[in-house]
């Protein structure tokens, strides 16, 4: 049942930290459970809080291989699961003139002509694997049905070859920005984790870790300002990656403390809509001075 | 606990319960927060369920605090000392200390009654004696660094948030103590508020309305998917007998390929007529925002608001998407929805709508009227509604009051319900279903 990567919740947190991924308690617990129960992990949350990074970090600490399925509108079975290599099949048929149809038929539907796509690759892999199904909500509903079979039993049926069962259970991470409601059936198969913007203290540690040259006091101020921005009702709240970008920007600008001018000039790094910028500037009294 | 969650509308299957058992086994029973996360991961299916889950969890797995009721009536000196410590803990942002203080505060100042049956714990009483909000200045003084910094201008807001978090701690502590006395199942059913989409529009507080507004976009997305799917399915239409027979001539009269009657593509026009006066304003605003978010599903959306005069607010709503909180104020300020008094008057408003904006309603229009139908004893003007209803394709009246109240006091709801199809719509979940169901394809 288990993928057997981790021994305890603390183990998860410590090992993820070595790759530079600072996990909150909730994240570490859920990753541990996904590992222990051998269930897929559905991660939701706003953009830029490290959903995909989590999968990458798990891959790195476990020395596993990362298989990634990037979902988009119109992704289908042949992109996600497997497809037959028609060109090669045709060549094989042409090359084998003179043999009986029965021989050819059994031959062209064999392993050699099968193109494994991410889901099949992950299932067939003998080595430890992390399967990342990124932005699941972008895919159509039919693909969800496909995922259901794969994720509940970790097996795939190819009509010509029979059922292929997972040799080793992959560690599965599905991410979603909730732009479409995922089906109840899929949610049932998964452990659920919502990653939100981190607590102030955690975010400060993340920023210090990712932007080493930053002054500690400045890092605190940066995180506080970002925290305040998130409480405003903006179209797009700044995410962790934007906090880090901002910290880098400040470092590049040589700012050693925040003041009105610096904040106003660099607000564009944090906020991506003009109306948000105007609103934030008003709330932070940037124009008053 | 699973039972209590199901009572709150969580769809939890046996499989999840078993998983939850495995999960608890895996993390052990020593760390309460680990148990919380483990259960959340296995039992929850969405983030919106989380607040309810947390409260139910707190009831079933209370903090291992001392459960002996300490001093029932703390003295004034105790109160002052507690406030001092609270200020220090708030300044430090020390979560563990705040937990302890909340427990102490409820134990010391929240008890009331003395008989074994009647005594309980009140967060209201605790908070009104402790008054944590008045500590703002003191915390600020303790935290303000000598050198004023840019980020310090955020301090007041931060402290206010911390104080609010402390108040929430006190509330859950009081709930926990009550649960100890009354049996947690009963409390879990009664005292834990449901998810926000089940909150009654008329009873929702300001914060719940704000939270509700944040659900507008996800809800609209869900509805749009549903409408699009329905449209796709319906586009197929029925069998066109005449053309099927015509085509069958080429196969000797055997109708091999049936011909479907194509529906004419056309999206419905939608008109909203909303009562934006006092009590029902929250409901109306939420619906306006929802419809605006759905605007690409319709060929045309027009929104009219009234208190006792009608004015078109379509433009205001379109801009309002950026600032949902201020929408109500802007409608009241920029549109002419009131005459010489501020009470809602359906009769006059309907009459004016029928006269001035008759062109807005045509045979392709679906009209939604939003309001409680309370006319303040004025003439309901059924004739005007009838005139509008005759022009429109369909008219639905969504009433945020429960049907048992229709017709009580100054409510003319039953009279209006005779003329148009009136449906109760008390919370966002119901609104979503109704809109999904009632809209034509």
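When we screen A:93, A:123 for residues that are farther than 15 Å from residue A:175 by Cα and modelled with pLDDT under 85, the only hit is A:93. Scan segment A:27-45 and give yes if some residue there is surrounded by fewer than 18 Cβ atoms within 10 Å (Cβ to Cβ) and over 21 Å from residue A:150 (Cβ atoms), otherwise no. No - not one qualifying residue is present in segment A:27-45. If you check A:221, A:241, A:266 for being within 19 Å of the chain's Cα centre (by Cα) and in a helix (DSSP H, G or I), only one passes: A:241. Those helices (runs of 4 or more DSSP H) of segment B:72-163 in which at least 3 residues are at pLDDT 70 or above and closer than 25 Å to residue B:177 by Cβ, considering only elements entirely within it, cover B:76-92, B:95-109, B:123-130.
So which residues in segment A:13-40 are within 14 Å of another protein chain (Cβ to nearest Cβ) and closer than 16 Å to residue A:197 by Cβ? Matches in segment A:13-40: A:23, A:24, A:25, A:26, A:27.
For beta carbons closer than 6 Å, sequence separation of 6+ or different chains, a first residue in segment A:195-207 that is under 15 Å from residue A:248 (Cα atoms) and a second that is part of a loop (DSSP other than H, G, I, E, B), the qualifying pairs are A:205/A:22; A:206/A:22. For segment A:192-204, a residue qualifies if it is within 10 Å of chain B (Cβ to nearest Cβ) and in a helix (DSSP H, G or I), and the qualifying residues are A:200, A:201. Of everything in segment A:272-288 that is assigned to a loop (DSSP other than H, G, I, E, B) and under 20 Å from residue A:47 (Cβ atoms), the residue that is farthest from the other protein chains (Cβ to nearest Cβ) is A:272. Look through A:96, A:45, A:74 and report the one residue that is at positive phi and out of contact with any strand residue (DSSP E or B) (no Cβ under 8 Å at 6 or more places or on another chain). Every option except A:74 fails the conditions. Applying the condition of being touching a strand residue (DSSP E or B) at 6+ places or on another chain (Cβ under 7 Å) and part of a helix (DSSP H, G or I) to segment A:105-132 and asking which residue is surrounded by the most Cβ atoms within 10 Å (Cβ to Cβ) yields A:122. A count restricted to segment B:14-48 and to residues that are under 26 Å from the mean Cα position of the chain (by Cα) and in a loop (DSSP other than H, G, I, E, B) stands at 3. For segment A:224-246, the count of residues that are in contact (Cβ under 8 Å) with a residue 24 or more places away in the chain, more than 12 Å from chain B (Cβ to nearest Cβ) and over 30 Å from residue B:34 (Cα atoms) is nonzero.
Regarding residue B:379, is this residue touching a helix residue (DSSP H, G or I) at 6+ places or on another chain (Cβ under 8 Å), crowded, with 19+ Cβ neighbours inside 10 Å and in a loop (DSSP other than H, G, I, E, B)? Taking the combined requirement at face value, the residue does not satisfy it.
If you go through segment B:1-23 and keep only what is in contact with a helix residue (DSSP H, G or I) (Cβ under 7 Å, 6 or more places away or on another chain) and under 14 Å from residue B:60 (Cα atoms), you end up with B:1, B:2, B:4, B:5. Looking across segment B:196-214, the residues that are part of a loop (DSSP other than H, G, I, E, B), in contact (Cβ under 8 Å) with a residue 12 or more places away in the chain and surrounded by fewer than 18 Cβ atoms within 10 Å (Cβ to Cβ) come down to B:200, B:202. The number of residues in segment B:4-38 being closer than 12 Å to residue B:53 by Cα and more than 10 Å from chain A (Cβ to nearest Cβ) comes to 7. Residues in segment A:208-218 that are over 28 Å from the mean Cα position of the chain (by Cα) and not in a loop (DSSP other than H, G, I, E, B): A:216, A:217, A:218.
Considering every residue within segment A:41-63, establish whether at least one is closer than 14 Å to residue A:15 by Cβ, within 14 Å of chain B (Cβ to nearest Cβ) and over 11 Å from the mean Cα position of the chain (by Cα). There is no residue in segment A:41-63 that is closer than 14 Å to residue A:15 by Cβ, within 14 Å of chain B (Cβ to nearest Cβ) and over 11 Å from the mean Cα position of the chain (by Cα). Restricting B:434, B:398 to residues that are free of Cβ contacts under 8 Å to residues at least 60 places away in the same chain and out of contact with any helix residue (DSSP H, G or I) (no Cβ under 6 Å at 6 or more places or on another chain) narrows the list to B:434. Scanning segment A:145-191 for residues that are assigned to a loop (DSSP other than H, G, I, E, B), within 14 Å of chain B (Cβ to nearest Cβ) and modelled with pLDDT under 85 turns up A:177, A:178, A:179, A:180, A:181, A:182, A:183. Within segment A:247-271, the set of residues being within 12 Å of chain B (Cβ to nearest Cβ) and in contact (Cβ under 8 Å) with a residue 40 or more places away in the chain comprises A:256, A:257, A:258.
The values are calculated or read from the model by the stated rules, or taken from the named source; none is laboratory data. Quantities reported herein were computed from a predicted structural model and do not represent experimental measurements. Cβ sites come from the backbone with ideal geometry, for glycine too, and all protein chains shown count toward neighbours.
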